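One structure is given here, and the rest of the page talks about it.
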Amino acid sequence: MKLIRFLNWVFLLFGLVVLGLTGGYLYLSRSGTITRTIPVIEGINKITSVVGVQLIQSASADERQEVPILMYHYVREVDSNTDPLGYGLSVSPEIFASHLAALEQAGYTTITPQQFLSGDYPDKSLILSFDDGYDDFYSQARPLLLEHQMTAIAFVIYGFLDQENYLSTGQVEELVADGFEIGSHTVSHPNLTSLDDTRLQQELMESRTALERLTGKRIIAISYPSGEYDERVLRYANFVGYKFGVTVENGLVGSKNELLKLPRVRVGGNESANDLLAEIENLRSS
Ligand SMILES: [Zn+2]
């Protein structure tokens with residue numbers, strides 16, 4: 001009898017702890033305030049210390065063809081002499097159009113991270129991703145993508161929306177209506193590994209909740225600024241609700257990859273369509 005009474009207490013206490021953590025999380029995600037993050041942070045550390053690596057799940061075990069996630073930044077004309085750094089991150093609208101035509105010809109279907117996670121996509125699929133949320137995604141990439149009936153994900157820096165050279169909130173709404181997916185690239189593009197727990201959670205959670213409010217869609221994908229992440233960043237990204245995280249490591253996505261640290265294929269400055277296709281095939285056979 002004593003043992004049963006003791007076990008009852010144990011269950012009751014466990015229930016209270018779970019209720020407390022869930023309540024704290026729900027309250028926080030609704031209010032969006034950062035002043036109350038401390039109990040949640042303690043909660044994260046408690047949970048992860050118990051469940052550990054299981055929090056980050058692997059892709060489904062079936063052996064499907066690997067999926068390339070292409071990484072673009074700007075689609076614009078830029079002078080390689082005056083802006084060599086910017087040139088490396090840019091493809092001209094003409095070259096971008098040639099990429100889409102070549103991918104189409106090679107039999108690729110473009111999908112979004114949401115479709116990827118659903119598992120319901122054709123064999124030769126590919127994800128086009130755009131970092132930073134520059135306004136040329138709307139003015140240059142969007143018309144070409146629509147023309148080819150292709151989709152993409154734009155990883156936007158929430159705090160930079162409506163600033164010069166960046167997408168406006170109105171444009172983001174239009175992109176969502178067009179069927180493009182929006183992902184988070186945090187609030188202010190910091191190196192996430194250098195932040196304390198409170199600011200780390202704020203960058204991950206506030207960008208997600210604000211973008212969900214703006215788009216009316218679930219925001220499940222994150223691109224870590226400059227590809228900087230570590231185990232703590234992954235743990236927070238997971239707890240905050242991200243299901244799909246992209247890095248700047250080079251590679252294709254197969255069943256062995258962890259969903260919160262997926263490699264991509266970097267598209268070089270004005271890289272030709274032929275080079276891009278060859279690079280993908282190279283990665284496939286490696
Ligand atoms: Zn970035």
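The values are calculated or read from the model by the stated rules, or taken from the named source; none is laboratory data. If you're wondering where the values come from, they're calculated on a predicted model, not measured in any experiment. In this analysis, Cβ positions are derived from the backbone assuming ideal geometry, glycine residues included, and neighbour counts consider all displayed protein chains.
Is it the case that segment 104-113 has a residue that's of a type in the set (A, V, I, L, M, F, W, C), within 16 Å of the ligand (Cβ to nearest atom) and either in a helix (DSSP H, G or I) or modelled with pLDDT of 95 or more (or both)? Give the steps one after another, and end with the answer.
Here is the first cut: in segment 104-113, the residues of a type in the set (A, V, I, L, M, F, W, C) are 106, 111.
Cutting the leftovers down to within 16 Å of the ligand (Cβ to nearest atom) gives us none.
Checked against the condition, which is being of a type in the set (A, V, I, L, M, F, W, C), within 16 Å of the ligand (Cβ to nearest atom) and either in a helix (DSSP H, G or I) or modelled with pLDDT of 95 or more (or both), segment 104-113 yields no hits at all.
Which condition from (1) among the aliphatic types (A, V, I, L, M); (2) within 11 Å of Asp136 (Cβ to Cβ); (3) surrounded by fewer than 20 Cβ atoms within 10 Å (Cβ to Cβ) is the one that Ala102 breaks?
Failed condition: (2).
Considering segment 226-270 alone, what residues qualify as being touching a Leu at 6+ places or on another chain (Cβ under 9 Å), of a type in the set (Lys, Arg) and within 18 Å of Ile127 (Cβ to Cβ)?
Of everything in segment 226-270, those that are touching a Leu at 6+ places or on another chain (Cβ under 9 Å), of a type in the set (Lys, Arg) and within 18 Å of Ile127 (Cβ to Cβ) turn out to be Lys243, Lys261, Arg264, Arg266.
Could you check how many residues of segment 177-196 are of a type outside the set (D, E, K, R), away from the ligand (no atom under 15 Å from the Cβ) and outside any helix (DSSP H, G or I)?
Of the residues in segment 177-196, 3 are of a type outside the set (D, E, K, R), away from the ligand (no atom under 15 Å from the Cβ) and outside any helix (DSSP H, G or I).
Does Ile127 fit the bill of being buried (at least 18 other Cβ atoms within 10 Å of the Cβ), within 16 Å of the ligand (Cβ to nearest atom) and aliphatic (A, V, I, L, M)?
Working: buried (at least 18 other Cβ atoms within 10 Å of the Cβ): yes; within 16 Å of the ligand (Cβ to nearest atom): no; aliphatic (A, V, I, L, M): yes.
It is false that Ile127 is buried (at least 18 other Cβ atoms within 10 Å of the Cβ), within 16 Å of the ligand (Cβ to nearest atom) and aliphatic (A, V, I, L, M).
Could you please find all residues in segment 130-153 being charged (D, E, K, R) and away from the ligand (no atom under 16 Å from the Cβ)?
Step one: of segment 130-153, the residues charged (D, E, K, R) are 131-132, 135-136, 142, 147.
Scanning segment 130-153 gives Arg142, Glu147.
Looking at segment 200-217, which of its residues are touching a residue at least 12 places away in the same chain (Cβ under 8 Å), out of contact with any strand residue (DSSP E or B) (no Cβ under 9 Å at 6 or more places or on another chain) and under 18 Å from Ala177 (Cβ atoms)?
Gly216
So which pairs qualify, if the first residue must be in segment 116-144 and under 24 Å from Glu94 (Cα atoms) and touching a residue at least 60 places away in the same chain (Cβ under 8 Å), the second must be within 16 Å of the ligand (Cβ to nearest atom) and among the polar types (S, T, N, Q), the Cβ gap must be under 9 Å, and the two must be at least 6 apart or on different chains?
Ser129/Ser223; Asp131/Ser223; Tyr134/Asn165; Asp136/Ser90; Asp136/Asn165
For Glu164, work out the one condition from (1) closer than 20 Å to Ala141 by Cβ; (2) under 12 Å from the mean Cα position of the chain (by Cα) it doesn't fulfil.
(2)
Check segment 55-67 and report whether any residue there is in a helix (DSSP H, G or I) and either modelled with pLDDT of 95 or more or touching a helix residue (DSSP H, G or I) at 6+ places or on another chain (Cβ under 9 Å) (or both).
To start, the set of residues in segment 55-67 that are in a helix (DSSP H, G or I) comprises 55.
From what's left, either modelled with pLDDT of 95 or more or touching a helix residue (DSSP H, G or I) at 6+ places or on another chain (Cβ under 9 Å) (or both): 55.
Yes, segment 55-67 has at least one match.
For (1) within 16 Å of the ligand (Cβ to nearest atom); (2) crowded, with 16+ Cβ neighbours inside 10 Å; (3) among the polar types (S, T, N, Q); (4) part of a helix (DSSP H, G or I), each residue gets a yes or a no:
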position	(1), (2), (3), (4)
Val172	no, yes, no, yes
Leu175	no, yes, no, yes
Thr198	no, no, yes, yes
Met205	no, yes, no, yes
Leu214	no, yes, no, yes
Lys217	no, no, no, no
Val233	yes, yes, no, yes
Asn238	no, yes, yes, yes
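The rows are residues; the columns are (1) modelled with pLDDT under 95; (2) farther than 19 Å from Ile127 by Cβ; (3) β-branched (Val, Ile, Thr); (4) in contact with a Cys (Cβ under 8 Å, 6 or more places away or on another chain).
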| residue | (1), (2), (3), (4) |
| --- | --- |
| Pro143 | no, yes, no, no |
| Gln149 | no, no, no, no |
| Ile153 | no, no, yes, no |
| Glu164 | no, yes, no, no |
| Thr169 | no, yes, yes, no |
| Val172 | no, no, yes, no |
| Asp178 | no, no, no, no |
| Ser184 | no, no, no, no |
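Of all residues in segment 186-223, how many are within 20 Å of Val172 (Cβ to Cβ) and not small (Gly, Ala, Ser)? Let's see the steps before the verdict.
Filtering segment 186-223 for residues within 20 Å of Val172 (Cβ to Cβ) gives 186-189, 203-223.
The next check asks that each one be not small (Gly, Ala, Ser); those that pass are 186-187, 189, 203-206, 208-209, 211-215, 217-220, 222.
Within segment 186-223, residues that are within 20 Å of Val172 (Cβ to Cβ) and not small (Gly, Ala, Ser) number 19.
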